Amino acid sequence: MDPFRDEARSRGLPEDEVERWLGTVRLCAMLSPAGQALPDGPVAGRLGGLPPMPEDEPVPDLPFLASVNLAAIPPGATDLPLPKDGTLLFFADTEDPWSGEGWSRLVYVPAGTPVSERGPGGEWPPQVRPAQDLYLTIEPSLPNRGSDTEEFPHGSELGSVWWETCDEMQTDGPVQMGGYPWVWNEDPITEHDHGPGDWVLLAEVGGEDLTEGELGIVYWVIRRDDLAGRRFTRARACFDMVG
């Protein structure tokens, strides 16, 4: 985390506060295509292609963004109580994600479930993006937007430091599991009324030609106890973009 420390020092931020802020680091599982991830990282998911849906379930009539193989994410890669196996499938139509429900879907496929790769069919099926393997790296994560609080009087400035230096310490992948969300405008955890509970970032998915809008990101958040109980239907999706 030396680039963060160096930038904070150049701004004259108190070193004890900087170290306390760094103590809030969360690990995340970053999934990136070849060329962005380290070459020795395992394949842990796929971008685009056709979704491997359970044979007894209809395919959502939504663009398929990505899949994540949970068995490829080792314990400790995030601070989330992720299942040890199974696959997560992420669907979203980000052309108008503010129109109400139905624009996104998260599907958990337990290990051993018979699946087949297929689209939803219909007269106007969603576009199928070219499939790309995603490789896993385990990365540090900090808030890119902070607030000045009694504990962190320079919280806003510390968030700005991460914004400035994170590219030196983190791969910019299209899928992130766990960690802190990258926030353009509204924090998907703290600035949305999800109801009571310990809400956490399950995943964020975004990237060029993957979502609409400038640097659009789809976030899936979930209560920690629902995640531990594999109640993925209780996850909520939010969308944000530059502007």
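The values are calculated or read from the model by the stated rules, or taken from the named source; none is laboratory data. Remember, predicted model here, so these are calculated numbers, not experimental data. In this analysis, Cβ positions are derived from the backbone assuming ideal geometry, glycine residues included, and neighbour counts consider all displayed protein chains. Only protein heavy atoms, including side chains, enter the accessible area calculation; ligands, DNA and RNA are left aside. Shrake-Rupley method; radii C 1.70, N 1.55, O 1.52, S 1.80 Å.
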Quick one: count up the residues across the stretch 99-146 that are under 30 Å from G23 (Cα atoms) and either of a type outside the set (S, T, Y) or over 22 Å from the mean Cα position of the chain (by Cα) (or both). 10
Can you tell me which condition I138 does not meet? The list is (1) open to solvent by 80 Å² or more (accessible area, probe 1.4 Å); (2) part of a loop (DSSP other than H, G, I, E, B), and all the others hold. (2)
List the number of the failed condition for V183; all other conditions in (1) under 13 Å from the mean Cα position of the chain (by Cα); (2) modelled with pLDDT under 90; (3) open to solvent by 10 Å² or more (accessible area, probe 1.4 Å) hold. (3)
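Of all the residues that make up the stretch 161-180, how many are crowded, with 20+ Cβ neighbours inside 10 Å and at pLDDT below 90?
Taking the stretch 161-180 and keeping what is crowded, with 20+ Cβ neighbours inside 10 Å, we get 161-162, 173-180.
Within this subset, residues satisfying the condition of being at pLDDT below 90 are 161-162, 173.
Residues that pass the stated criteria total 3.
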Does any residue of the stretch 225-236 turn out to be surrounded by fewer than 19 Cβ atoms within 10 Å (Cβ to Cβ), at negative phi, free of Cβ contacts under 8 Å to residues at least 40 places away in the same chain and in contact with a helix residue (DSSP H, G or I) (Cβ under 6 Å, 6 or more places away or on another chain)? yes
Condition first: farther than 20 Å from R26 by Cβ and open to solvent by less than 10 Å² (accessible area, probe 1.4 Å). Can you find one or more residues in the stretch 79-88 that meet it? yes
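Identify all residues within the stretch 216-225 that are under 17 Å from the mean Cα position of the chain (by Cα) and of a type outside the set (K, R); write none if there are none. Even if it seems obvious, please write down each step before you answer.
Just the residues of the stretch 216-225 that are under 17 Å from the mean Cα position of the chain (by Cα), to begin with: 216-224.
Listed by number, the residues that qualify are G216, I217, V218, Y219, W220, V221, I222.
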May I ask you to list the residues in the stretch 119-133 that are farther than 15 Å from L47 by Cα and open to solvent by 60 Å² or more (accessible area, probe 1.4 Å)? G122, E123, W124, P125
Only one of (1) at pLDDT 95 or above; (2) open to solvent by less than 20 Å² (accessible area, probe 1.4 Å); (3) in contact with a strand residue (DSSP E or B) (Cβ under 9 Å, 6 or more places away or on another chain); (4) farther than 21 Å from G45 by Cβ is not met by D240, so which one is it? (1)
Options L158, L210, L202: the member that is part of a helix (DSSP H, G or I) and surrounded by 15 or more Cβ atoms within 10 Å (Cβ to Cβ): L158
Residue that is nearest to A131 (Cα to Cα) [pool: residues in the stretch 65-78 that are open to solvent by 10 Å² or more (accessible area, probe 1.4 Å) and either touching a residue at least 60 places away in the same chain (Cβ under 8 Å) or assigned to a loop (DSSP other than H, G, I, E, B) (or both)]: A72
Members of the stretch 105-118 found to be out of contact with any Ser or Thr (no Cβ under 9 Å at 6 or more places or on another chain), open to solvent by 60 Å² or more (accessible area, probe 1.4 Å) and either small (G, A, S) or part of a strand (DSSP E or B) (or both), listed by number: R105, G112, E117
